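*Asks:* The following block contains the structure, expressed as structure tokens.
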Amino acid sequence: MSSKVRKPRHEMPKQAPDIRSKNFEEVALGYTEDLAVAEATRCIGCPKKPCVAGCPVGVDIPEFISLIAEGDFLGAARKIKEKNSLPAMCGRVCPQESQCEAVCTLGKKGDPVAIGALERFCADYERVHGEPLAKAGLSDASLGKVAVVGSGPAGLTCAAELNKLGYKVVLFESLHATGGVLRYGIPEFRLPKAIVDEEVEYIKSQGVEIRLNVLVGTTVTVDELFRQGFDAIFLGTGAGLPYFLGVPGENLNGVYSANEFLTRANLMKAYRFPEYDTPIWVGKRVVVVGGGNVAMDSARTALRLGAEKVTVVYRRSRAEMPARLEEVENAEEEGIEFMLLSNPVRILEDDKGWVKGMECIRMELGEADDSGRRRPIPVPGSEFILDVDTVISAVGTNPNPLLIRTVSGLALGRRGNVIADEATGKTNIPGIFAGGDIVTGSATVIAAMGAGKLAAHGIDEYIRTKNGRGM
Amino acid sequence: MYKILKKETLAPKIKLVEVNAPEICAHAHPGQFVVLRMHERGERIPLTIADSDAKTGLLTMVFQEVGKSTTELGTLNEGDCIQDIVGPLGTPRDIEKLDCVVCVAGGVGVAPIYPEAKAYHRLGTRVISLIGAQTKDMLIFKDRMEQVSDEVYYSTDDGSFGHKGFVTEVLCDLLEKGLRPDEVIVIGPLLMMREASRVTAKFGVKTIVSLNAIMVDGTGMCGSCRVTVDGETKFSCVEGPAFDGHKVDFNELIARQRRFLAEEKLAMEHYLAGAGGCKCHQK
Ligand SMILES: Cc1cc2nc3c(=O)[nH]c(=O)nc-3n(C[C@H](O)[C@H](O)[C@H](O)COP(=O)(O)OP(=O)(O)OC[C@H]3O[C@@H](n4cnc5c(N)ncnc54)[C@H](O)[C@@H]3O)c2cc1C
Ligand SMILES: Cc1cc2nc3c(=O)[nH]c(=O)nc-3n(C[C@H](O)[C@H](O)[C@H](O)COP(=O)(O)OP(=O)(O)OC[C@H]3O[C@@H](n4cnc5c(N)ncnc54)[C@H](O)[C@@H]3O)c2cc1C
Ligand code: SF4
Ligand code: SF4
Ligand code: FES
């Protein structure tokens, strides 16, 4: 099937930029069957499978791609699901260019195989054409009972895996909806919420009990959960605590954290205000500070909410931007402006407490810092003023402390993250496990899922050992 | 789903509802609040836990109809349901026995101050309550406050009951006469809390205010509720809602309270048009 002539990669059809920048529907439309087969035939089936090593959960990439090439789309979907239970999401949001596709052999001389787009195709095909998944009988508590806290990708995966292993699982979420960042952070135009819903429904149908509006640590404490008979607790509470720019004017009206802006838009559906009750305000000229996925999502959401001009201000250069390449390109196509090597110094105020401008300073890159990226240094005297009325701060988040500060003796790292064993999710307290952003700080969906799955096995081993000894 | 088990109209536009929420009640402390969402399209609004009973699991909330969400909440009756309630949220007040505290409440602020007055009273602290309202009809929780206070002073803007004028004038008067409580607690409109803090600062009396910043999640994840206290940014849903009144930047908070004024107006108009016009959501 392989040929020596390198065919260019098949791009996914997308909504045209001038149309999509005015709606919240998904931007990328996905492959057709023909396009998927055509793209699949580009894979040369490397015997050493370098791509598999690039995937944090080790999806058997050449195997599923060859099934697509043969037209066995359902088989391909099953193959992916052996390793990744949420392919419809990962195909859409994984930073493929720095994971599986980064090490694809074809990438050395041309474009790598579009692994993410193919994965997404399989998952979407299965959703439409696959057998409805059998409803499992409610899992009994015979093996044990586990509380999973947080319904982001880490918690969802951990709960699903424990349920499969035969445990009774109760998943606790403090918000009124499941999904974590998948729900409140990543916008509809990048990850339709129907996909998140379907995944949650599936887990429920398998017997996982979901309890919304429970802030563990406050509504019910960890000690109480143990007393109620839970054998182990998994903490997947994420890194949802935003920090601000730390410049004068950050509390002016018109300054949002990306979390507030995106939560209003996504979780509360403020983009449909007043049909939905939660308001959101976007001015004419918006500046988003930051260079990650969160910044891209905020900028593109602001555009869709009617901003005339949206500028992303980032203190390093394009090469250091942590956002997914595809989303940076999408943002650019939609007309988002990038002002690189610039950093805010202060936000200017009109006479009524609203933003009327932002003063920035130019930066240049110095030596690499501990993250391996070159450190930005301000250029003295290079200050300039941007004429803006809305500022969205997307400069990062910290681990959520609400629950962990109620657990006395839990070992924490320097940044308030929970310290947990990478292979098992074990913390220093017996019976308490953790994984995802609460351990690593903001990372990726696939990394959180990987951690949730490993912790499920860590918990299984812990409960088996405990019960073995107890008998 | 939380079914409304009891509903009372306490005063024009001020209503009380009670729901069964045993987990919240088992953990609630004075000064804490819940965030509720009425239905699928609703916004998340914070309301103070006006009373809670760990034995019966009954949670009491008192609210004033000021905009779309509270007005719609006011239309729910016994038997209707509130879809989501999460809590208890916020840092509990650290309440210990003192010699004397003064509780200053304005308008619907009487309801949230009641659990604190009650807790101090139970510990044997002398509780002096100053309650202000626009007019006599708007005075709520009178019996309850009298039960947990050693002295109660009233004021109304129109003089229909008690002192004619602002409740902060009563406070100033008592302090001028030499009263030196260990702590003054103030809950009410921002302007009133600002004024009360200004008054007590003159006398060097410790003052705790309960801020009502605009919130979304109420769990520290969005920063919508941020306020400047002593020059530092704080999230009032997690680090508050109670803060030292002498250190709060009230002017900034008053400005932030107006962030969505135009949208709030639109929401109300949209709601009233819907409620008056089509009847599809009724029944
Ligand atoms: C806007 C945005 C865009 C992103 N885009 C991408 C992307 O394109 N690709 C990618 O790979 N990654 C992306 N990420 C990062 C990725 O979403 C996160 O790394 C991932 O969601 C972490 O998963 P988690 O399960 O650890 O935590 P979260 O997804 O944060 O979920 C934690 C959950 O726990 C709940 N919770 C917290 N405390 C409690 C408590 N005490 N009791 C009960 N529940 C609690 C929270 O409400 C939340 O629902 C993005 C992140 C953001 C914010
Ligand atoms: C911690 C906390 C506890 C609270 N406890 C109570 C309580 O026990 N009883 C009660 O009646 N109210 C309480 N509030 C205020 C209540 O949440 C608001 O009145 C409500 O959110 C308004 O919603 P709305 O849609 O009806 O009005 P909107 O249309 O949103 O607003 C109408 C008017 O109310 C003001 N407003 C908007 N949001 C708030 C807010 N969060 N706080 C104060 N004013 C606001 C606006 O300035 C506006 O002019 C509390 C607020 C906080 C933060
Ligand atoms: S899960 Fe992510 S990294 Fe792994 S193959 Fe799929 S897209 Fe690539
Ligand atoms: S490295 Fe690329 S070409 Fe090789 S097997 Fe993997 S996807 Fe196919
Ligand atoms: S309400 Fe979101 S952080 Fe306080």
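*Asks:* Among the residues of region A:269-287, write down those that are facing chain B (nearest Cβ under 7 Å) and either surrounded by fewer than 23 Cβ atoms within 10 Å (Cβ to Cβ) or touching a Cys at 6+ places or on another chain (Cβ under 8 Å) (or both).
*Replies:* A:Pro274, A:Glu275, A:Tyr276, A:Pro279, A:Trp281 - these are the residues of region A:269-287 that are facing chain B (nearest Cβ under 7 Å) and either surrounded by fewer than 23 Cβ atoms within 10 Å (Cβ to Cβ) or touching a Cys at 6+ places or on another chain (Cβ under 8 Å) (or both).
*Asks:* Can I ask one more? List every residue pair whose Cβ atoms lie under 8 Å apart, where the two residues are 6 or more positions apart in sequence or sit on different chains, the first residue falls within region A:10-36 and is more than 17 Å from A:Asp297 (Cα to Cα), and the second residue, located anywhere, is among the acidic types (Asp, Glu) and outside any loop (DSSP other than H, G, I, E, B).
*Replies:* A:His10/A:Glu39; A:Gly30/A:Asp124; A:Tyr31/A:Glu39
This table checks each residue for (1) within 16 Å of ligand 1 (Cβ to nearest atom); (2) at pLDDT 95 or above.
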| residue | (1), (2) |
| --- | --- |
| A:Thr32 | no, yes |
| A:Lys48 | no, no |
| A:Gly58 | no, no |
| A:Phe73 | no, yes |
| A:Cys90 | yes, no |
| A:Cys94 | yes, no |
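*Asks:* Still on this structure, please answer the following. B:Cys222 - would you say it is under 15 Å from the mean Cα position of the chain (by Cα) and either within 16 Å of ligand 4 (Cβ to nearest atom) or surrounded by 21 or more Cβ atoms within 10 Å (Cβ to Cβ) (or both)?
*Replies:* For B:Cys222, the condition - under 15 Å from the mean Cα position of the chain (by Cα) and either within 16 Å of ligand 4 (Cβ to nearest atom) or surrounded by 21 or more Cβ atoms within 10 Å (Cβ to Cβ) (or both) - is not met.
*Asks:* How many residues are modelled with pLDDT of 80 or more and part of a loop (DSSP other than H, G, I, E, B) when one looks only at region A:119-140?
*Replies:* 1
*Asks:* What are the residues in region B:20-51 that are over 18 Å from B:Ser69 (Cα atoms), within 14 Å of chain A (Cβ to nearest Cβ) and either under 13 Å from the mean Cα position of the chain (by Cα) or touching a residue at least 60 places away in the same chain (Cβ under 8 Å) (or both), if any?
*Replies:* Within region B:20-51, B:Ala21, B:Ile24, B:His27, B:Ala28, B:His29, B:Gly31, B:Gln32 qualify.
*Asks:* Name the residue that is nearest to ligand 4 (Cβ to nearest atom), counting only residues in region B:79-91 that are within 14 Å of B:Met38 (Cα to Cα) and surrounded by fewer than 17 Cβ atoms within 10 Å (Cβ to Cβ).
*Replies:* The residue in question is B:Gln83.
*Asks:* I need the helices (runs of 4 or more DSSP H) fully contained in region A:176-268, keeping only those with at least 2 residues that are among the acidic types (Asp, Glu) and surrounded by fewer than 24 Cβ atoms within 10 Å (Cβ to Cβ).
*Replies:* Of the helices (runs of 4 or more DSSP H) lying wholly inside region A:176-268, those with at least 2 residues that are among the acidic types (Asp, Glu) and surrounded by fewer than 24 Cβ atoms within 10 Å (Cβ to Cβ) span A:193-205, A:222-227.
*Asks:* From A:Ile68, A:Ile44, A:Ile115, A:Ile61, which residue is touching a helix residue (DSSP H, G or I) at 6+ places or on another chain (Cβ under 6 Å), farther than 19 Å from A:Met449 by Cβ and within 15 Å of ligand 4 (Cβ to nearest atom)?
*Replies:* Unique residue meeting the criteria: A:Ile68.
*Asks:* Also: Has region A:367-387 got at least one residue that is without any contact (Cβ under 8 Å) to a residue 24 or more places away in the chain and among the polar types (S, T, N, Q)?
*Replies:* yes
*Asks:* Quick one: what pairs do we get from region A:54-67, first residue among the aromatic types (Phe, Trp, Tyr), second more than 10 Å from ligand 4 (Cβ to nearest atom), C-beta under 6 Å, 6+ apart or different chains?
*Replies:* A:Phe64/A:Ala76; A:Phe64/A:Lys79; A:Phe64/A:Ile80
*Asks:* Sticking with this structure for a sec: Out of the residues in region B:49-80 that are charged (D, E, K, R) and under 26 Å from B:Glu116 (Cβ atoms), which is farthest from ligand 5 (Cβ to nearest atom)?
*Replies:* Applying the filter and picking the extreme gives B:Lys55.
*Asks:* Also: Of B:Thr56, B:Thr9, which residue is surrounded by fewer than 17 Cβ atoms within 10 Å (Cβ to Cβ) and either among the aromatic types (Phe, Trp, Tyr) or in contact with a Lys or Arg (Cβ under 7 Å, 6 or more places away or on another chain) (or both)?
*Replies:* One residue alone meets the criteria, B:Thr9.
*Asks:* A follow-up question, please. Out of all the residues in region A:403-454, which are within 16 Å of ligand 3 (Cβ to nearest atom), in a loop (DSSP other than H, G, I, E, B) and surrounded by 21 or more Cβ atoms within 10 Å (Cβ to Cβ)?
*Replies:* Listed by number, the residues that qualify are A:Gly436, A:Thr444.
*Asks:* Still on this model: Return the residues of region B:173-203 that are surrounded by fewer than 18 Cβ atoms within 10 Å (Cβ to Cβ) and more than 21 Å from B:Asn251 (Cα to Cα); say none if nothing qualifies.
*Replies:* Selection gives B:Asp173, B:Glu176, B:Lys177, B:Gly178, B:Leu179, B:Arg180, B:Asp182, B:Phe203.
*Asks:* Provide a single number: the residues in region A:87-121 that are surrounded by fewer than 16 Cβ atoms within 10 Å (Cβ to Cβ), in contact (Cβ under 8 Å) with a residue 24 or more places away in the chain and of a type in the set (Lys, Arg).
*Replies:* Qualifying residue count for the region: 1.
*Asks:* Residues that are more than 29 Å from A:Glu333 (Cα to Cα): list the helices (runs of 4 or more DSSP H) wholly contained in region A:1-111 that include at least 2 such residues.
*Replies:* A:50-54, A:61-69, A:73-81
*Asks:* Just for strands (runs of 3 or more DSSP E) wholly inside region B:206-268: which have at least 1 residues that are within 12 Å of chain A (Cβ to nearest Cβ) and hydroxyl-bearing (Ser, Thr, Tyr)?
*Replies:* Qualifying strands (runs of 3 or more DSSP E): B:226-229, B:232-235.
*Asks:* From the list B:Val127, B:Val101, B:Val110, B:Val152, pick out the single residue that is farther than 28 Å from A:Glu173 by Cβ, in a helix (DSSP H, G or I) and in contact with a helix residue (DSSP H, G or I) (Cβ under 7 Å, 6 or more places away or on another chain).
*Replies:* B:Val110
The values are calculated or read from the model by the stated rules, or taken from the named source; none is laboratory data. Model, not experiment: these values are computed from the prediction. Positions of Cβ are generated from backbone atoms using ideal geometry, with glycine treated the same way; all protein chains shown enter the neighbour counts.
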